[in-house]
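Read the structure below first, then the notes.
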Amino acid sequence: MTTPIAIVDPADPASWPATVPPGTRRHLAALVDPGPAALMANAGEMRGELLRVGDAVLPVLISGAQGPRASILSPLAHHVLYPAEEIARASKRIGRGTLRALLAPLVLALRLGRIDRCAFVNHWLLSGAPDPGLPAADWAAALAFLAARHPDHALVVQDVTQTLTPELHDALAQAGGEPVPSRRICVLDPSAPLSGRKRRKLRNNRNTLARLLAEAAPRQLGRAALEGQEERLAALHAEANIGRHSQLNPAYTAAFFRLALACEDVRLAAWAAPDGPPGEIAAFNLQREDGRRLYWTTFGRLPPGADDAVRGYELAAASDIAVAAERGLLLDWGGGAEHFKRMRGAVLHQQLEMVFTRHLPWHRRAAWGLLARLRRLRARQVGLAPRGRDWPDAPDAAGAPDTGG
């Protein structure tokens, strides 16, 4: 029997599967109206729609004429511009201007190939997405439906980790997806043993985080205390992720955090400062889970100096580990801060984008082919991909290089 496929009308209750909880329904509906730009200040001209495949609902974010700025919504920003910023920031020899000049031909080629004209499938406006668990035949049918509906857009399924969800990877490959290495993520299994002399440092680091979390317990704020502080959450997020790092990171708005607070499958932990006003948020951590993995999604904290007593990043990390251990989940810790995460027991995995371009003209397919070749070369250089089309098991953390993705 063929699985029915349709576009959900968010305003029509009969259009939704009965299995979607109210908070998740509100989250998904907001991707359609008011849309991504109301939830992320640098979403660009994106619009959302909801694809129903049987009893699963997959959000689809479609780019408009103007390319989005946030890296999670822009292949050009994610694969080229953001890494260039990181290289320039870390290098003492190559300045940002020099790097821009060196990359200008590649950027021009990708822009001519309209690399940013995409429909992102199963994109929740977050880093990391739950696996909807569709059979291979349903994925093929859903992607064919979307290719016919959006004939001028590449279809992109982000954050596919073959070593963690081989069935999802294989279903997308069978449907015609081309793998484009995306980034390295850190994954921690809280149940993995840490005994023995070899893991002593990891064990001590984890114990330090656990003590920090216990000491901060009196300062932890309940969910009810966070309501009405959505502007504060947005400001702390911007301070930690944009002010200290990059304009290409997602710039979530107060409306986004208001939505997150009302969603059942979003966990938001927050802490006050030791000497700050009672109830005022000094650091927070937002997580999602899908029954198998806990996803570190985003966090916020006070500026340097003011954060010294709060230690917001360490609190967020400690909360991630504690929740994953309590619920028996793998912790998908995302990219960045690799050394910190590996020194607490995480291992590296290669993440992919599965891209569907067969319905596009040749020059658009060529741009994606160029990007895929360059990213595969990079993946081999850092030791997380072999030659050829197959992808390896994750290496041991002690043997993996600690370099950028």
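Could you say which residue among 188, 221 is over 30 Å from residue 350 (Cβ atoms), in contact with a Gly (Cβ under 7 Å, 6 or more places away or on another chain) and touching a residue at least 24 places away in the same chain (Cβ under 8 Å)? Break it down stepwise before answering.
Details: 188 fails: over 30 Å from residue 350 (Cβ atoms).
Sole residue among the options that is over 30 Å from residue 350 (Cβ atoms), in contact with a Gly (Cβ under 7 Å, 6 or more places away or on another chain) and touching a residue at least 24 places away in the same chain (Cβ under 8 Å): 221.
Give 281, 242 a once-over and let me know the one that is more than 18 Å from the chain's Cα centre (by Cα) and either touching a residue at least 12 places away in the same chain (Cβ under 8 Å) or on the phi < 0 side of the Ramachandran plot (or both).
On the way: 242 fails: more than 18 Å from the chain's Cα centre (by Cα).
Answer to the selection: 281.
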Identify all residues within the stretch 313-330 that are without any contact (Cβ under 8 Å) to a residue 60 or more places away in the chain and over 18 Å from the mean Cα position of the chain (by Cα); write none if there are none. 323, 326, 327
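Are there helices (runs of 4 or more DSSP H) fully within the stretch 51-152 with at least 2 residues that are open to solvent by 40 Å² or more (accessible area, probe 1.4 Å), at pLDDT 95 or above and more than 23 Å from residue 370 (Cβ to Cβ)? List them. Walk me through it before giving the result.
Values: elements: 82-90, 96-112, 136-149.
Output list reads 136-149.
Every residue, every condition in (1) in a helix (DSSP H, G or I); (2) in contact with a helix residue (DSSP H, G or I) (Cβ under 6 Å, 6 or more places away or on another chain); (3) charged (D, E, K, R), yes or no:
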{"residue": "246", "(1), (2), (3)": "no, yes, no"}
{"residue": "249", "(1), (2), (3)": "no, yes, no"}
{"residue": "255", "(1), (2), (3)": "yes, yes, no"}
{"residue": "274", "(1), (2), (3)": "no, no, no"}
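Is it the case that residue 174 is free of Cβ contacts under 8 Å to residues at least 60 places away in the same chain and open to solvent by 30 Å² or more (accessible area, probe 1.4 Å)? Break it down stepwise before answering.
Details: free of Cβ contacts under 8 Å to residues at least 60 places away in the same chain: yes; open to solvent by 30 Å² or more (accessible area, probe 1.4 Å): yes.
Yes.
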Any idea how many residues of the stretch 236-274 are open to solvent by 60 Å² or more (accessible area, probe 1.4 Å) and either within 24 Å of residue 35 (Cβ to Cβ) or modelled with pLDDT of 95 or more (or both)? 3
With the structure loaded, tell me whether residue 202 is surrounded by fewer than 20 Cβ atoms within 10 Å (Cβ to Cβ), of a type in the set (A, V, I, L, M, F, W, C) and touching a residue at least 40 places away in the same chain (Cβ under 8 Å) or whether it fails that test. yes
Would you pick out the residues in the stretch 8-27 that are touching a residue at least 60 places away in the same chain (Cβ under 8 Å) and not in a loop (DSSP other than H, G, I, E, B)? 22, 23, 24, 26, 27
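Each row is one residue, and each column tells you yes or no for (1) touching a Phe, Trp or Tyr at 6+ places or on another chain (Cβ under 7 Å); (2) within 30 Å of residue 85 (Cα to Cα).
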position	(1), (2)
236	yes, yes
251	no, yes
259	no, no
279	no, no
287	yes, yes
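Can you tell me which of 227, 231 is at pLDDT 95 or above and open to solvent by 50 Å² or more (accessible area, probe 1.4 Å)? Spell out the reasoning first.
On the way: 227 fails: at pLDDT 95 or above.
Only one candidate qualifies: 231.
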What number of residues within the stretch 153-166 satisfy the criterion of being over 28 Å from residue 19 (Cβ atoms) and open to solvent by 40 Å² or more (accessible area, probe 1.4 Å)? 1
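Which is over 26 Å from residue 293 (Cα atoms) and hydrophobic (A, V, I, L, M, F, W, C), of 251, 217, 282?
Working: 251 fails: over 26 Å from residue 293 (Cα atoms); 217 fails: over 26 Å from residue 293 (Cα atoms).
Exactly one of 251, 217, 282 is over 26 Å from residue 293 (Cα atoms) and hydrophobic (A, V, I, L, M, F, W, C), namely 282.
Table: residues versus (1) of a type in the set (Gly, Ala, Ser); (2) more than 16 Å from the chain's Cα centre (by Cα).
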{"residue": "186", "(1), (2)": "no, no"}
{"residue": "196", "(1), (2)": "yes, yes"}
{"residue": "199", "(1), (2)": "no, yes"}
{"residue": "209", "(1), (2)": "no, yes"}
{"residue": "212", "(1), (2)": "no, yes"}
{"residue": "219", "(1), (2)": "no, yes"}
{"residue": "234", "(1), (2)": "yes, yes"}
{"residue": "269", "(1), (2)": "yes, yes"}
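The values are calculated or read from the model by the stated rules, or taken from the named source; none is laboratory data. Worth saying up front: this structure is predicted, and the values here are computed from it rather than measured. Glycine also receives a Cβ, built like all others from the backbone with ideal geometry; neighbour counts cover every protein chain displayed. Areas reflect the complete protein model, heavy atoms only, side chains present, ligands, DNA and RNA absent. Shrake-Rupley method; radii C 1.70, N 1.55, O 1.52, S 1.80 Å.
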